[in-house]
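Contents: one structure, followed by commentary.
Only the coordinates and a few stated rules stand behind these numbers; no lab work does. Please read all numbers here as calculations on a predicted model, not as lab measurements.
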Amino acid sequence: MTTVTDQLLTVPEVMARLRLGRSTVYDLIRSRRLTSITIGRARRVPVGAVRDFITREIEEVA
């Protein structure tokens, strides 16, 4: 059973999945290339947003 919190990644989890540094992930969020939400003071990235980001990046270089 997948819960909503299983579908939301922390910035360190995104860093690990994309193999990028913290500032790069925050730059992607700030530039709106990677969708995120804020819950209180916590920044979360939907799993689908990471997939969409990867898809868009692949399509750009193709």
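Assorted remarks:
- Rounded to the nearest 500, the helix-only mean residue ellipticity at 222 nm of the chain stands at -15500 deg cm²/dmol, with each DSSP H run of n ≥ 4 adding -39,500 (n - 2.57).
- Gyration tensor over the Cα atoms of the chain: the corresponding equivalent ellipsoid has semi-axes (square roots of 5 times the eigenvalues, largest first) of 19, 14, 10 Å.
- Full-stretch length increase - residue 57, residue 24 - with 0.36 nm per residue and alpha-carbon distance subtracted: 10.4 nm
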